[in-house]
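Data block below; observations after.
The values are calculated or read from the model by the stated rules, or taken from the named source; none is laboratory data. Everything numeric in this text was worked out from a predicted model, so none of it was measured. Ideal geometry is used to build each Cβ from the backbone, glycine not excepted, and the neighbour counts take in all protein chains shown. The area values use the complete protein model at the heavy-atom level, side chains included, leaving out ligands, DNA and RNA. Shrake-Rupley method; radii C 1.70, N 1.55, O 1.52, S 1.80 Å.
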Amino acid sequence: NMTVLFGGYNGLELDDTWEFDYPTNTWTQYSPNPHPIGREFGRMSYDPVEKVVVLFGGINGTSPDAYLKDTWEYDVVSRSWTETNPDGPMMFDSATSYDSSAKRHIMVGWNYTNNNFQTWAYDAAANTWALRAPPGGPIPRTGHAMAYHETLQRTVLFGGFDPSVPPGTPLDDTWEYN
């Protein structure tokens, strides 16, 4: 019954944690320490088994490595952050969703290190990232969206922009991953 928000940008990368409570229609700011460094474009998804929100990567323009590859978990019960994996894949312009049948966080996007469009899975229980290599798949894209379809038990990716045709041709295709 809540949404967790972390970071963002208002001229500087933000490092604040907010919870929106749906039943009371209120936002509350929390200041747990430690917490991730400020960032924009971080990816988050909720793991109902582990009861944590997983935050991955993002961009921090004041960091020596602007593209972040750290993984943090926000415990929604204790309202605390824990860095779980400081060395995840170097991804940007990705989308993330939680696959409840596989009990994994699925991330699809660009790998900054090798400039490949990739699919990764994070296991919060084991604290591991694994590169997936599904055959075929969508063309590389930016600005795409993903969600998990509980009935189909598949992660669904929609749209985005084809960056090979500047300034980016809108895409309206839908892909399923299981």
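Annotation note: of D172, D99, the sole residue that is of a type in the set (D, E, K, R), modelled with pLDDT of 95 or more and surrounded by fewer than 14 Cβ atoms within 10 Å (Cβ to Cβ) is D172.
Of G143, G160, all but one fail to be on the phi > 0 side of the Ramachandran plot, of a type outside the set (K, R) and open to solvent by 40 Å² or more (accessible area, probe 1.4 Å); the exception is G143.
Quick check, is L5 modelled with pLDDT under 95 and among the hydrophobic types (A, V, I, L, M, F, W, C)?
Working: modelled with pLDDT under 95: no; among the hydrophobic types (A, V, I, L, M, F, W, C): yes.
Taking the combined requirement at face value, the residue does not satisfy it.
Evaluate segment 62-71: report whether one residue or more is charged (D, E, K, R), over 21 Å from A124 (Cβ atoms) and part of a strand (DSSP E or B). Looking through segment 62-71, none of the residues is charged (D, E, K, R), over 21 Å from A124 (Cβ atoms) and part of a strand (DSSP E or B).
Of the residues S63, S78, which is modelled with pLDDT of 95 or more, among the hydroxyl-bearing types (S, T, Y) and out of contact with any helix residue (DSSP H, G or I) (no Cβ under 7 Å at 6 or more places or on another chain)?
Values: S63 fails: modelled with pLDDT of 95 or more.
Of S63, S78, the one residue that is modelled with pLDDT of 95 or more, among the hydroxyl-bearing types (S, T, Y) and out of contact with any helix residue (DSSP H, G or I) (no Cβ under 7 Å at 6 or more places or on another chain) is S78.
Cβ separations smaller than 9 Å between residues 6+ apart or across chains give the following pairs from segment 64-79 residues that are on the phi > 0 side of the Ramachandran plot to residues that are modelled with pLDDT of 95 or more and among the polar types (S, T, N, Q): R79/T17.
Taking the listed residues E19, E13, the one that is farther than 25 Å from E150 by Cα, surrounded by 14 or more Cβ atoms within 10 Å (Cβ to Cβ) and acidic (D, E) is E13, with no other qualifying.
Where in segment 74-119 are the strands (runs of 3 or more DSSP E), entirely inside, with at least 2 residues that are of a type in the set (F, W, Y)? Please lay out each step first, then the result.
Values: elements: 80-85, 91-99, 104-111.
It comes to 91-99.
Please find, among G8, G38, the residue that is open to solvent by less than 50 Å² (accessible area, probe 1.4 Å) and not in a strand (DSSP E or B).
Working: G8 fails: not in a strand (DSSP E or B).
On inspection, the qualifying residue turns out to be G38.
None of L171, L131 is out of contact with any His (no Cβ under 9 Å at 6 or more places or on another chain), aliphatic (A, V, I, L, M) and in a strand (DSSP E or B) except L131.
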